[in-house]
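Trainee: First the structure, which I've put down as structure tokens, then a few questions once you've had a look.
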Amino acid sequence: MILILSESNDVSTDFVTEWLQHLQVPFKRLHQDDLRNALDRIVWKDGRLEVYLRIGETVMAISDISRTWFRRAYIDHQSGFHKVSHKGNALQRQMNTLLSREEKDLTRFVAGQLAANGALSNQLYYQVNKLEVLVAAQAIGFKIPDTIITRDMQDIANCIDADPEQVITKSICDMYPLQWDGTAQIQPTTLISDLPSQPQRFYYSLFQQKVDKKYELRIFFLEQQFFAAAIFSRGTDGRDIYADNEQVRIVPFRLPDMVREKLASLCDRIGLASGSIDMIIDKQDQYYFIEVNPAGQYGYISLACNYHLDRKIAEYLAYGKLAV
Amino acid sequence: MENLLFDAEELRELPFNCRLYKNKIKEHAGTKQRKPMLQERFVNSAHHQNEHMELYKGFYKMITRIIST
């Protein structure tokens, strides 16, 4: 039995499950709503550990799951204490903290057990620290754009040797949708000159030199195999087809051996078996490492480049290895 | 500054790109939502799970169910 923890509207998961059906491999697909308090019990008996999950009315042992695909959904645990306790006093707040600590450890353990049993990706690594990854990429030999994290606009000009009009800002962590007034706003990579106003003081923010790109690379990787696509676009973010007001061109790209080896080394160092890497090639053909997304979207790369990644992922889940 | 959802004091404590602007919201309000990248043949396939989609507060929302083989 393969367990898939996915978002309900993730089309890539749909394609993979189609392939699993074709391969006649049994699977169970669960969404975020199914995963709250999914743990039924953990039992150590006669030195043997077994973790049981409860999905609806069904209880299943983790040992019966051959492989888990962590695809953007989380197992998590949360007591209903905060719903039934309305004291609003210091004791209640402390109890919430106590529960939160217990739940965090429990979740970490269950996710770890699923991962140890054989998994593609891991919810514990859905978010990587972008700053640590930049340090690792540079240590391996990749160029990274000049970057500054500051609270003061004046520092940007002093640090980044670029036209002030060519400085971008992006989140230090992943984007977070701010929902307000019936709409939502995320924090995409943006030229600072495109923002309506530019205050002199603000909270810690990341600014980066905008690389004068020839094209961008989006590279999906799975168990040391790399599937790269070159994206030709004028937008700040190559995937933003609306910035160009025209269709972006995406073509398969063969990575130089040296770059592939460095990327393999980077994946090892940050402990990721799967994910998507963003790079930029500048006008001098230099490779800049931008970031890695452990649970990024790969469907558009697969489709544009005929990589059939859905099939490869399904085969990996079914057989534990990639067909060459 | 009257367009900002946050006052100057609040803005000093927010990341540079993490601010909501009323004018920006109004700009996008009511614009046509992109259709999800979903092909017709998958909507009705037995294993796709998307029983139907509805327009929810201006967004397409997909209703799904657990499936297993």
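Trainee: Of A:K143/A:K262; A:K130/A:K170; A:K143/A:K214; A:K170/A:K283; A:K213/A:K262; A:K143/A:K210, which pairs sit farther than 18 Å apart, going by alpha carbon to alpha carbon?
Mentor: Violating the 18 Å limit, Cα to Cα: A:K170/A:K283; A:K213/A:K262.
Trainee: Could you line up A:M258, A:M175, A:M279, A:M60 from fewest to most neighbouring Cβ atoms inside 10 Å?
Mentor: A:M258, A:M175, A:M60, A:M279
Trainee: Could you work out, for region A:27-116, what percent of all Cα-Cα pairs fall into each 10 Å distance bin, beginning at 0 Å and stopping at the bin that holds the largest distance?
Mentor: 14, 44, 28, 13, 2
Trainee: Work out the P(r) tail for region A:97-141: percent of alpha carbon pairs separated by more than 17 Å, whole number.
Mentor: So the portion of pairs separated by more than 17 Å is 53 percent.
Trainee: Ignoring solvent entirely, what values of log10 I(q)/I(0) come out of the Debye formula for region A:265-324 at 0.13 Å⁻¹ when each Cα is a single scatterer?
Mentor: -0.46
Trainee: What's log10 of I(q)/I(0) for region A:66-163 at q = 0.22 Å⁻¹, Debye sum over Cα points only, no solvent?
Mentor: The calculated log intensity ratios at q = 0.22 Å⁻¹ are -1.07.
Trainee: Using all Cα-Cα distances in chain A, what percent lands in each 20 angstrom bin from 0 up to the longest?
Mentor: Cα pair-distance distribution for chain A, in percent: 27, 53, 20, 0.
Trainee: Another question, then. Quick one: work out Rg over Rh on the C-alpha atoms of region A:22-77, Rh as Kirkwood radius.
Mentor: Here the Rg-to-Rh quotient is 0.99.
Trainee: Based solely on its DSSP helices, what 222 nm [θ] is calculated for chain A when runs of n ≥ 4 H residues each add -39,500 (n - 2.57) and the sum is averaged over all residues, nearest 500 deg cm²/dmol?
Mentor: -9000 deg cm²/dmol
Here, each number is a calculation from the coordinates, and none is a lab measurement. Since this is a predicted model, take the numbers as computed values, not measurements. Every residue, glycine among them, receives a Cβ derived from its backbone with ideal geometry; neighbour counts consider all protein chains shown.
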